[in-house]
Every structure is written in structure tokens, then in C-alpha cells.
Amino acid sequence: MKTDRQAGFTLLELLVTVAVFAVFSVLAIGGLTTYASQQALIREELEQLDRLQRAMRLMMNDITQSQPRCVRDELGMGTEGAFLADGRGEFLLRLTRGGWRNPASLPRGTLQRVQYRLTDEGLVREYWPVLDRVLGQEPRREILLEGLEDLRIDFLDEQDEWQRFWPPLQAAGRLGCEARPRAVRLTFELSALGELQRLVEVPQ
């Protein structure tokens with residue numbers, strides 16, 4: 001009498017199944033790793049773009065709210081211009097701006113002395129609690145943007161010519177301390193985003 005044999009998988013079939021499953025698992029893990037890496041890169045670029053937009057917005061607000069208010073120098077012996085830029089020296093831009101909000105009704109004015117510097121930490125915004133500061137008074141600082149390769153600031157003078165410094169070297173003795181440019185051109189250069197430029201009109 002003939003008996004029925006039980007159906008099942010051979011050892012070879014099991015080995016082939018395991019091998020195929022392992023190959024698909026490796027491919028799936030590789031795809032997930034690539035996807036996660038791309039997502040992290042996109043997220044980092046978006047965060048960098050958000051920081052860049054905030055830095056641009058702050059600079060543009062400071063420039064558009066600039067005021068022709070000169071200040072005393074640190075020694076109290078002379079005056080410092082309302083709008084200054086010395087290229088690659090101590091600072092990129094220093095100005096007096098208005099519109100400094102005072103929600104706590106502190107005993108201070110609404111004008112503020114602000115400066116921007118490019119350091120190893122990145123783009124730094126600094127301001128002093130009083131306009132006519134004294135020697136040794138340190139500004140309050142905030143790092144606005146890291147990973148900035150370069151920031152160029154140019155100034156449009158009354159002859160519609162772009163200048164690297166303000167006041168222009170050839171007009172430093174002719175212009176008063178309250179003189180400001182007609183416009184400012186900001187050129188940001190970042191490794192991830194390339195070069196971005198903004199043109200800001202200065203109110204007269």
C-alpha cells in the first residue's frame with residue numbers, strides 16, 4: 001500500500017529564501033539610510049536658510065531705521081558718525097537706529113547704537129544700552145549666522161557711485177557726521193547656498 005508523503009521545503013529552498021530575504025533587507029536598509037541622510041541634509045539647509053533670512057531681516061531693519069544721530073566717541077572727546085563702515089577693520093557696519101521698542105517702559109530712549117562684525121564664530125550683531133558709551137563699556141552681542149564665508153557691504157553715495165567704506169575716503173572731510181548713504185548693498189556668500197544679494201534703501 002502506497003503512503004502519502006508530507007509536503008515541505010528542502011534545505012536548498014530554505015537557503016535560497018534566506019539569501020533572497022537578506023539581499024532585500026540590505027537594499028531596504030541602504031535606501032532608508034540614504035533617505036535619512038537626504039532628509040538631514042535638507043533640514044540643515046532649511047535651518048541655514050531660516051537663519052540667513054533672519055540675519056538679512058535684522059540688518060535691513062537696522063539700515064532702514066537708521067537715524068542721523070552722531071554719538072560721542074569712547075573717550076568723550078569727539079564725535080562718531082551716525083553711519084560708519086571701515087571695511088575689514090574693527091567692524092563691518094556701525095549705525096544709530098530708531099524704533100528701539102521699550103515694552104517695559106525703562107528709563108531710556110528709542111535710539112540704539114548697533115554694529116555688525118564678521119568673526120570666527122560667524123556674523124555677530126552687537127548693540128550698546130546707551131548711545132554715548134564710555135570707554136570699557138561692552139556691547140551686548142548675538143551670533144546671527146554661522147557658516148558665512150563672506151559678507152560684502154557697499155554704499156551708494158550722492159553721485160550714484162558704490163563705495164567700499166562709509167563715509168567715502170575721498171569725502172570724509174566734506175561730509176558731516178550725520179551723513180548716510182543713499183542705499184546699501186549686502187552680498188552674503190555661503191558654502192551651502194551660494195551668493196545672495198539684497199539692496200536696501202536708506203531713508204533720508
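Note on the chain: with a GNM built from Cα contacts shorter than 10 Å, the maximum mean-square fluctuation among ALA183, ALA82, ALA19 falls on ALA19.
For segment 102-173 versus segment 41-89, the spacing of their alpha-carbon centroids is 4 Å. Between the labelled values [x] 58, 40, 37; [y] 121, 42, 27; [z] 59, 39, 32, the entry that holds Cα extents along the principal axes in Å as derived from this structure is [y]. The label-point distance for LEU12 and GLU44, in a model that sets each label 7 Å from Cα toward Cβ, rounds to 5.0 nm. This ranking places SER191, SER66 by how few other beta-carbon atoms lie within 10 Å of each, fewest first, which gives SER191, SER66. The value for segment 102-161 of Rg(Cα) / (2.2 N^0.38 Å) is 1.47.
Where a number appears in this text, it was derived from the coordinates with a stated rule and is not lab data. Quick caveat: nothing in here was measured; it's all calculated off a predicted structure. All Cβ positions, even for glycine, are placed from backbone atoms using ideal geometry, and neighbour counts span all protein chains on display.
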